[in-house]
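In what follows, a single structure is set out as structure tokens and then discussed.
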């Protein structure tokens, strides 16, 4: 909030200096508003002058002086003085009452604190998870779900209209689904005592036996009778539907919802794949070579051209994916976000090339690649699942450590870096566990408020309370963190970086625990008690808002909760 306002004032000042002839530049570069490590250098510092010096052909300190002289008059409401320091930093010293104004603003905003209008009037589609309907959701899918869902919440908080979509990879040409159906059929026959061997690329998890048993219980022992291809199709439909239902249940329990589940096969049924291939031909970016149809993706920066239709007439996965993304563009979204696994890194260039070949702006498509997740139990890696066999399921980890801990741990690191999760740490009820540390800060504030009520201390009226008494170093440090939430939301959206919110929540919790240690709330001098009660309430609202954006609960009571 404060950073954003200071940035606006500094930008206004630079433009005003240009209009007055004090500075010359064409474009205003992106610049930072930072908190100096040494409080002697002010509450906040801007580095614009150093970035603008080359354009202005002036010494950075001279540029800083020109900006300083043209700061808008309204900045006086918060800024006590501005100094030019070092190589050209603008150091801002805020008035003593600024902290109280931040607290009042948060209390006025309530649960909507941090909401922005960055995306007003803009529509965003976020497609994530999109797991094959051939098995339970894995630990890796869980990371995809946590990142995608939190990103959607952040975009909504920033004012965008957001839609969430799950793409079902169920095209008729899918060898994976065919092998999955063959695996279920084999297990079904084995249940009947028939000799049947699993296909070479079959699925061996216990869940396959569970589906086979379910089919037998629902449809009896004659369900595999008839033409082999018809039987296989029958098993494919039922097995796929059961798997999708299980995936949907797991995601719902994980706090993730989708506005639309879109089937790959529906693109074929509506002739959208064929129409897309025709459009590429008409635009001159699809050509035949050695009996196959190729996308001329090298024309748009890809390392080589890609096959759309094989020589045997079967479309590749790319053909349907291009049609799917064309469908997204035609639905009119201002921004399209995909979240793909690490093994899809090579597909980014070809998909952007395909969109450019179809005449769309590839910059409207953001493709985020998330990296692998490693699970540990203490120092020992966990590699296998009893139910899935070859991988660890989301459900197993979610049931053991809980939704809150798992979502928080998924978001501790940027999605493009490998993540290690320690089950034992995630279950630990101590400050070593990051999610416990944050939730405990919220519960501790709730304890303060309950104790106040028990003592007959009413929550003060923000409008009638003197908040200028909030001057202690720990109070100021806490308010600065609270004021950062709108900026953190903006930065998380601008950089597609939801992990910023876990870092922010930890910073707020750390600042609050420091304040709680240094500053007595209940029992302090009456004016100070009133101000600190409102500060704790603003902290509770901010923590609850941050946790809500992460899809994590904000409990009112926890173990180790203290009376105040």
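Okay, residues lined up against (1) modelled with pLDDT of 95 or more; (2) in a helix (DSSP H, G or I):
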residue: 457; (1), (2): yes, no
residue: 471; (1), (2): no, no
residue: 474; (1), (2): yes, yes
residue: 477; (1), (2): no, yes
residue: 489; (1), (2): yes, yes
residue: 497; (1), (2): yes, no
residue: 502; (1), (2): yes, yes
residue: 505; (1), (2): yes, yes
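The one condition from (1) more than 25 Å from residue 540 (Cβ to Cβ); (2) within 26 Å of the chain's Cα centre (by Cα); (3) crowded, with 16+ Cβ neighbours inside 10 Å that residue 122 does not meet is (3). Criterion applied to 157, 152 was being closer than 30 Å to residue 551 by Cα and in contact with a strand residue (DSSP E or B) (Cβ under 6 Å, 6 or more places away or on another chain), and the one residue passing it is 152.
Listed by first and then second residue, the pairs linking a residue in the stretch 33-51 that is free of Cβ contacts under 8 Å to residues at least 40 places away in the same chain to a residue that is buried (at least 17 other Cβ atoms within 10 Å of the Cβ) and in a loop (DSSP other than H, G, I, E, B), with Cβ atoms under 8 Å apart and 6 or more places separating them unless they lie on different chains, are 34/47; 50/88; 51/31. Any residue in the stretch 418-441 that is within 25 Å of residue 249 (Cα to Cα), in a loop (DSSP other than H, G, I, E, B) and not assigned by TED's automatic domain parsing to the domain that holds residue 528? Checking the stretch 418-441: not a single residue is within 25 Å of residue 249 (Cα to Cα), in a loop (DSSP other than H, G, I, E, B) and not assigned by TED's automatic domain parsing to the domain that holds residue 528.
The set of residues in the stretch 243-267 that are under 13 Å from residue 168 (Cα atoms) and either at pLDDT below 95 or touching a strand residue (DSSP E or B) at 6+ places or on another chain (Cβ under 9 Å) (or both) comprises 244, 247, 248, 258, 260, 261, 262, 263, 264, 265, 266.
Restricting the search to strands (runs of 3 or more DSSP E) fully inside the stretch 190-309 and requiring at least 1 residues that are touching a helix residue (DSSP H, G or I) at 6+ places or on another chain (Cβ under 7 Å) gives 286-289, 292-295, 306-309. Can you go through 373, 382 and tell me which one is within 25 Å of residue 412 (Cα to Cα), in contact with a strand residue (DSSP E or B) (Cβ under 7 Å, 6 or more places away or on another chain) and surrounded by fewer than 19 Cβ atoms within 10 Å (Cβ to Cβ)? Sole residue among the options that is within 25 Å of residue 412 (Cα to Cα), in contact with a strand residue (DSSP E or B) (Cβ under 7 Å, 6 or more places away or on another chain) and surrounded by fewer than 19 Cβ atoms within 10 Å (Cβ to Cβ): 382.
Just to verify a result, which residue in the stretch 313-335, among those that are in a loop (DSSP other than H, G, I, E, B) and modelled with pLDDT under 95, is surrounded by the fewest Cβ atoms within 10 Å (Cβ to Cβ)? Once the filter is applied, the top-ranked residue is 313. Residues that are touching a helix residue (DSSP H, G or I) at 6+ places or on another chain (Cβ under 6 Å), touching a residue at least 60 places away in the same chain (Cβ under 8 Å) and closer than 30 Å to residue 204 by Cα within the stretch 110-135 comprise 128, 129, 131, 133, 134, listed in sequence order. Where helices (runs of 4 or more DSSP H) sit wholly within the stretch 30-128, those with at least 2 residues that are at pLDDT 95 or above and in the same structural domain as residue 469 (by TED's automatic domain parsing) occupy 98-109.
The values are calculated or read from the model by the stated rules, or taken from the named source; none is laboratory data. Just so it is clear, the structure is predicted and the values come from calculations on it, not from any experiment. A quick note on method: Cβ atoms are made from the backbone with ideal geometry, for glycine too, and the neighbour counts reach across all protein chains shown.
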